[in-house]
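Computed from the coordinates by the stated procedures, all read-outs in this text should not be read as laboratory data. Since the model is a prediction, treat every value here as computed from it, not as a measurement. FYI the Cβ positions are ideal-geometry reconstructions off the backbone, even for glycines, and counts take in every protein chain you see.
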Amino acid sequence: QKQIHLAKRPTGMPDNDTFGFKDAPVPEPKDGEVLVRTLYLSVDPYMRGRMQDTESYVEPFPLNEVIHGGVVGEIVQSNSTDFKRGDTIVGMLGWQEYSAVPAKAVRKIDPDTAPITTALGVLGMPGLTAYFGLLHIGQPQEGETVVVSGAAGAVGSIVGQIAKIKGARVVGIAGSDEKLQYLKQIGFDETINYKTDNVGQALKKACPNGVDVYFDNVGGEISDEVYSLLNKFARVPICGAISSYNKAGEDLGPRVQTKLIKSSALMKGFVVGDYSDRFEEGTRALGTWVKNGSLKYEETIVEGFDNIPEAFLGLFKGSNLGKQLVKVADP
Ligand code: NDP
């Protein structure tokens, strides 16, 4: 079977030297283990951080070992009473075609309630990130203005729609006109193309009443512009800073302290795992919205195991609309 190892820790943007393709035997599941055939695999911006050997909230990927991430797969052999052959599961598994793991490492999903890919997107980690970051930290109120950066991605597109469900006015920032068009389609009130618009001016125009919630997925200069518009008691969930993930040196920017003092704003970082004891509540709410049509989602699916690195690197070029996935095998 094919596997992808972390061959070299990247400096700056990862490239072909970062990823090592290997051939390995299909593993034999032990007692209490299941053998999973990989169907869909998730590529996520946070994986860039794990390629670095620095302290973080998740361990770095070990060098010369299989890279791990979210996988939806099919049980092809089960040595556990919890699963049977043919079950569909989701778990944190390797970038490989088959994985043998303890049964407790995977969770069963029901292909009849939602498409199985949603377990890696709107009903999985990105959806939960949007749900808890926005509702617990952002707390958007009816009539307030919510700005979302990285708005057309897996997390951002869900954030904007939940803010709409809560009655807020939503402004999305993204990197192409095609993405802005999509954001309008799913209900965003105003959109800004940070690659072609003057972000500061466009924000002022789009937010005549200032900004009450800024859900930050990107950091950097885009965020610097938003901070100038924060209203009294604004909330700023810091979800991601993708603009700096491939910067080799320190990411320096304007200081933000006086802006936060003047606005009495709350800026709070978080990881979705902070809310792990409430995942069931989040998944249920997201599922209800998807079912009743108030929450739409998009997936960009690249086909073929060999294209995993390209799909991953595409995240940093903005190749994806909604959740980026790789289809490895037919269900
Ligand atoms: P996305 O689906 O949003 O994909 C990444 C997107 O980021 C690209 O499509 C691209 O869109 C945009 N982007 C890439 N480079 C830049 C740049 N230099 N400046 C601005 N935008 C850029 O990914 P996710 O939704 O999975 O993740 C979004 C953010 O949330 C990431 O920062 C991620 O690390 C973070 N995250 C945090 C979690 C947490 O627990 N705190 C959990 C999950 C994600 P465009 O065309 O608009 O440039």
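General remarks:
- Cα point-scatterer Debye curve for the chain, base-10 log of I(q)/I(0) at q = 0.06, 0.08, 0.12 Å⁻¹: -0.21, -0.38, -0.84
- Distances between placed amide hydrogens fall under 5 Å for Val101 paired with Val34, Val36, all partners being 5 or more residues away or on another chain.
- The range 86-144 and the range 234-268: distance between their alpha carbon centers, rounded to Å: 27 Å
- Inter-label distance for Lys8 and Ser319, nm, one decimal - labels placed 7 Å from Cα along Cα-to-Cβ: 2.0 nm
- Label-reachable residues, the range 63-93, where backbone N falls under 14 Å from a point 7 Å from Asp110's Cα toward its Cβ: 88
- For the range 230-241, putting each phi into the Karplus relation 6.51 cos²θ - 1.76 cosθ + 1.60 with θ = phi - 60° gives couplings of 5, 7, 3, 6, 5, 10, 10, x, 8, 9, x, 9 Hz, in residue order, rounded to whole numbers and with x for Gly and Pro.
- Its Kirkwood hydrodynamic radius, worked out from the mean inverse distance over all distinct Cα pairs, puts the range 85-215 at 16.3 Å.
- Most mobile listed residue (Val58, Val101, Val155) in the chain, GNM with C-alpha springs under 10 Å: Val58
- Just checking the listed ones, Val171, Val236, Val272: in the Gaussian network model of the chain with Cα springs under 10 Å, the one fluctuating most is Val272.
- Residues whose amide H comes within less than 5 Å of that of Met267, counting only those at least five positions distant or on another chain, are Val236 (H built at 1.01 Å from N in the peptide plane).
- Subtracting the Cα-Cα distance of Asp274 and Glu250 from their residue separation scaled by 0.36 nm leaves 6.0 nm.
- Overall form of the range 145-226 per C-alpha gyration tensor (a/c, 1.5; a/b vs b/c): rounded
- Rounded to two decimals, the Cα-based Rg/Rh of the range 265-331, with Kirkwood Rh, is 1.07.
- Amide H contacts of Leu295: Val290, each under 5 Å away and 5 or more positions distant or on a separate chain (H built 1.01 Å from N in the peptide plane; Pro and chain starts excluded).
- Applied to the range 35-42, the Karplus parametrisation 6.51 cos²θ - 1.76 cosθ + 1.60 on θ = phi - 60° returns per-residue 3J(HN,Hα) values of 9, 10, 9, 5, 9, 10, 9, 9 Hz, with x for Gly and Pro.
- Pairs beyond 30 Å (Cα-Cα), from Lys8/Lys296; Lys259/Lys323; Lys232/Lys296; Lys247/Lys323: Lys8/Lys296; Lys259/Lys323; Lys232/Lys296
- Hull volume in cubic angstrom per residue (convex hull over the Cα atoms of the range 216-331): 170 Å³
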